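Participant: One structure coming up, written as structure tokens, with questions to follow.
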Amino acid sequence: MTGVRATQSLMKTLRPPRQHDRKPHTEARAAATSNGLLLKLELHSDPKLLSPVRGALERLTELLGFSAPECRAVTRAVDEALTNIMRHCYCGRLDQPIEVFCSRTRRRGAVGSEEGLEILLCDRGPPVDPAKLRGRRLDEIKPGGLGLHFIRQSMDVVQYRRTRGTNQFRLVKYLNAMK
Amino acid sequence: MQISARHVDKATIFDISGDIDLANSPEVRKALLREVRENRTPRVVMNLSKVRYIDSSGVASLVEGLKASRDLGLRFILFGLSQTAREVLQLSRLIKIFEVYDNEDQALAS
């Protein structure tokens with residue numbers, strides 16, 4: 001399958017649902033493809049593409065007004081999530097499709113409305129065992145298992161959903177959020 | 001990413017520049033473990049002053065280098081951590097298990 005065909009196939013799956021068949025598990029994707037969409041990236045599961053994605057996320061978060069540490073945190077979380085997809089969902093295959101949707105989002109906080117950035121990462125790998133999304137204890141000194149911890153430390157919301165053969169990882173970072 | 005090695009007294013210093021991520025952390029891991037296990041260099045020193053970004057796979061490579069060094073009674077030293085590198089080592093709570101110095105002189109004098 002060529003990269004283009006793979007992407008077309010993924011897009012077919014990711015096409016926004018009609019109103020009558022919209023189900024709860026499609027809400028995250030629908031939100032990402034609504035008017036708040038800021039940036040959409042389509043890439044293959046090649047680790048060499050992580051660097052340009054980081055570059056795009058760094059610029060986008062700067063543009064949205066995140067502080068320098070927050071920009072680094074969001075970029076790190078997306079990089080680690082993509083790394084997990086490449087390693088664990090696609091088992092190192094280099095030609096599998098991944099999509100990244102970056103959208104504005106908003107929530108009502110203690111001091112009024114808070115704006116934020118929602119990032120939805122979609123892949124067509126096998127379902128992820130939710131038990132493996134907990135990460136490991138940090139008091140163990142051993143290599144590996146740190147990516148999930150970095151993601152949870154960096155973001156305000158981390159969710160996983162499986163829908164129509166697609167893994168969806170939803171990450172949200174709010175501006176000026178207290179974590 | 002680029003990695004090169006130079007030898008100063010009984011230390012091998014790895015100068016790394018660029019980003020360490022899934023695309024190249026295996027190369028870092030291989031170089032470190034070869035230096036420790038095959039050459040048994042008494043001190044392996046990592047110059048990270050030109051590393052702009054390091055991900056969890058890069059941190060895992062450093063942890064492997066550290067563990068291999070400790071197993072053989074050798075020293076494994078880091079210096080010149082960027083803000084990003086320091087952040088990930090702090091997030092993983094691994095900063096305290098490494099010997100970390102600000103610059104090469106301090107690392108070699110330690």
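What follows is calculated from the coordinates using simple rules that are stated; it is not laboratory data. Quick caveat: nothing in here was measured; it's all calculated off a predicted structure. Backbone-built Cβ (ideal geometry, glycine too); neighbour counts: all protein chains shown.
Participant: Amide H neighbours of residue B:77 under 5 Å, counting only residues 5+ apart in sequence or on other chains, H built in-plane at 1.01 Å?
Facilitator: Residues meeting the amide H criterion: B:44, B:45, B:46.
Participant: Here is a further query. Name the residues whose placed amide hydrogens come within less than 5 Å of the amide hydrogen of residue A:156, ignoring near sequence neighbours (fewer than 5 apart) on the same chain.
Facilitator: A:172, A:173, A:174
Participant: Mind listing the phi-derived Karplus ³J(HN,Hα) values for region B:7-15, rounded to whole Hz, using 6.51, -1.76 and 1.60 with θ = phi - 60°, and x for any glycine or proline?
Facilitator: 10, 10, 6, 9, 10, 10, 9, 9, 9
Participant: Would you mind putting B:2-10, A:55-63, B:45-53 in packing order, based on average other-beta-carbon counts within 10 Å, highest first?
Facilitator: Top of the packing list down: B:45-53, A:55-63, B:2-10.
Participant: Follow-up. Return B:101, A:174 ranked ascending by Cβ neighbour count within 10 Å, so the fewest neighbours appear first.
Facilitator: B:101, A:174
Participant: Kindly rank A:79-85, A:166-172, B:32-38 from highest to lowest mean number of other beta carbons found within 10 Å of each residue.
Facilitator: Top to bottom by mean Cβ count within 10 Å: A:79-85, A:166-172, B:32-38.
Participant: Based on alpha-carbon centroids, what's the gap between region A:76-92 and region B:15-44 in Å, whole number please?
Facilitator: 22
Participant: Another question, then. Using a 10 Å cut-off on Cβ to Cβ distances, tally the other chain neighbours for every residue of B:88-95 and report the average as a whole number.
Facilitator: 4
Participant: Would you mind checking A:40/B:96; A:40/B:67; A:48/A:132; A:132/B:50 for any pair whose Cα atoms are more than 32 angstrom apart?
Facilitator: A:40/B:96; A:40/B:67; A:132/B:50
Participant: Take each of the peptides A:106-113, A:125-132, B:58-65, average the number of other beta-carbon atoms within 10 Å over its residues, and list them starting from the highest.
Facilitator: Packing proxy ranking, top to bottom: B:58-65, A:125-132, A:106-113.
Participant: Based solely on C-alpha atoms, express the radius of gyration and the Dmax of chain B in angstrom.
Facilitator: Taking only Cα atoms of chain B, I get Rg and Dmax of 12.4, 34 Å.
Participant: Within 10 Å of each Cβ of A:68-75, how many other protein chain Cβ atoms are there on average?
Facilitator: For peptide A:68-75, the averaged partner shielding equals 2.
Participant: Across region A:148-158, in residue order, what do the Karplus-derived ³J(HN,Hα) couplings come to in whole Hz, using 6.51 cos²θ - 1.76 cosθ + 1.60 with θ = phi - 60° and x for Gly and Pro?
Facilitator: Computed from phi, the couplings for region A:148-158 are 5, 4, 4, 5, 5, 5, 8, 10, 7, 10, 9 Hz.
Participant: What list of ³J(HN,Hα) couplings, whole Hz, do you get for region A:159-171 from phi and the Karplus terms 6.51, -1.76, 1.60, once you set θ to phi - 60° and write x for glycine and proline?
Facilitator: Those phi angles translate into 9, 10, 9, 10, 8, 6, x, 10, 7, 10, 9, 10, 10 Hz.
Participant: Could you identify which residue out of B:55, B:19, B:71 has the top mean-square fluctuation in a GNM of chain B using Cα springs shorter than 10 Å?
Facilitator: Of the options given, B:71 has the highest mean-square fluctuation.
Participant: To continue, here is another question. Peptide B:54-63: average number of partner chain Cβ atoms within 10 Å per residue?
Facilitator: Per-residue shielding by partner chains comes out at 5.
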